[in-house]
1. Out of the residues in the stretch 295-332 meeting the condition of being at pLDDT below 95 and β-branched (Val, Ile, Thr), tell me which one is most open to solvent (accessible area, probe 1.4 Å).
2. If residue 262 meets every condition in (1) among the hydrophobic types (A, V, I, L, M, F, W, C); (2) part of a strand (DSSP E or B); (3) modelled with pLDDT under 90 apart from one, which number is that one?
3. Which pairs do you get when a residue that is touching a residue at least 12 places away in the same chain (Cβ under 8 Å), found in the stretch 46-60, comes within reach of a residue that is of a type in the set (D, E, K, R), reach meaning Cβ atoms under 7 angstrom, with the pair 6+ apart or on two chains?
4. Return the pair list, or none, for Cβ contacts closer than 8 Å from residues in the stretch 128-139 that are closer than 15 Å to residue 329 by Cα to residues that are at pLDDT below 95 and open to solvent by less than 10 Å² (accessible area, probe 1.4 Å), at least 6 apart or on different chains.
5. For the stretch 199-216, enumerate the residues that are modelled with pLDDT under 90 and either open to solvent by less than 40 Å² (accessible area, probe 1.4 Å) or aliphatic (A, V, I, L, M) (or both).
6. Residues of the stretch 62-91 being assigned to a helix (DSSP H, G or I), of a type in the set (A, V, I, L, M) and in contact with a Phe, Trp or Tyr (Cβ under 9 Å, 6 or more places away or on another chain), which ones?
7. May I ask you to list the residues in the stretch 62-76 that are buried (at least 16 other Cβ atoms within 10 Å of the Cβ), more than 12 Å from residue 90 (Cβ to Cβ) and either of a type outside the set (Asp, Glu) or modelled with pLDDT under 95 (or both)?
8. Given the condition more than 30 Å from residue 39 (Cβ to Cβ) and outside any strand (DSSP E or B), answer yes or no: does some residue in the stretch 137-149 qualify?
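The values are calculated or read from the model by the stated rules, or taken from the named source; none is laboratory data. Owing to the predicted nature of the structure, the values given are computational and were not obtained by experimental measurement. Because the Cβ atoms are built from the backbone with ideal geometry, glycine has one as well, and the counts that use them run over all protein chains shown. Surface areas here come from the heavy atoms of the whole protein model, side chains and all, with no ligands, DNA or RNA. Shrake-Rupley method; radii C 1.70, N 1.55, O 1.52, S 1.80 Å.
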Amino acid sequence: MAAGERPFSTTPGERAPSAANTAAVVVNPIKVDASRLRPVVAAAEKAAGWAETLWFETTLDDAGEGIAREAVARGAGVVVAAGGDGTVRAVAEGLRGTGVPIGLLPVGTGNLLARNLALTLTNMEQAVTAVFMGHDRRIDVGVISVTRADDSVEEKVFLVMAGLGIDAKMIAKTNKKLKKAVGWLAYVDGIGRAIPELKPVKLRFRLDGSSWKNTSVHTVIVGNCGMLPGGLLLIPDAKPDDGMLDIVALRPEGPLGWLRVWNKIAFENGVLRKSAVGRKVIDLNNDVRSVSYSTGRDFELTLDGVEDIQLDGDEWGMARAVHTWVDPGALLVRVPADTKAVTAA
């Protein structure tokens, strides 16, 4: 092994980083103070023997997608998203299918993808060290195409969840100043604002090209991953690398309907599912209507009206039709190896 190189663990067929590699950091200046991040990156970069890191800032016109593509064109071997979940999603969109991995730093409110991949949510030095001394994990990407009220069509990717109903209304109504002050707990306030306006949504849907069916739900969420902020396990069987999407529908009925939904998500998924006895208790529970799950690769729905849409915790306007599908293994994520974190001097 040449001087300055470090051993890297790679999955079969993946390219191992070399000493000649260059990293790029895409900073959301609203979320991140780059001056505090630069010394940490410089120390890890030097320890790994990499070239000087490229630095970019997001703008109102480019949340990270175009910047990530530019970074790849300039030779970046890994592109780091330094921002919230929206920055991570935008950078991932630019890297989708390129074979260049994304690096994740714990700087956002939700850190949804990092949370679901069991990456650090607090240790910046460990996260930066992983960028230069980690290995690559291949995960799926969700793709969503929506039809707006004016018949225009937009397409984006999502890494964790896309949804309509209470989760989208909650995000749309969350106070931005409160979110900045207390983080994901601000969503509790958003839920309180959303529930009074929430009504069942009539829609038609089909899964994997099957025949169309009619239903009425309060919320539909399509997940590539299953965990929400606060450790809430919304979709317990969702895996980011199984080539499938998991769909959950919430249909609370009666005055205790939302309580049953909360019991399913917080107690059954979060507590009972952790033990064999608890799983047997879940199997004996016949309430499959309040919270129902299904899996597939391609999911379409059309609405009677228009509804709010959210992508990975960010509002994304309103739509009258939604088409989601999975792009298997389309993104590489740089994850830690068994290497001690590098600390800036």
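1. 306
2. (2)
3. Hits for this filter: 48/6; 49/5; 53/45; 54/74.
4. none
5. Once the filter is applied, which keeps residues that are modelled with pLDDT under 90 and either open to solvent by less than 40 Å² (accessible area, probe 1.4 Å) or aliphatic (A, V, I, L, M) (or both), the stretch 199-216 yields only 201.
6. 67, 68, 71
7. If the condition is that a residue be buried (at least 16 other Cβ atoms within 10 Å of the Cβ), more than 12 Å from residue 90 (Cβ to Cβ) and either of a type outside the set (Asp, Glu) or modelled with pLDDT under 95 (or both), then 71, 72, 76 are the ones that fit.
8. yes
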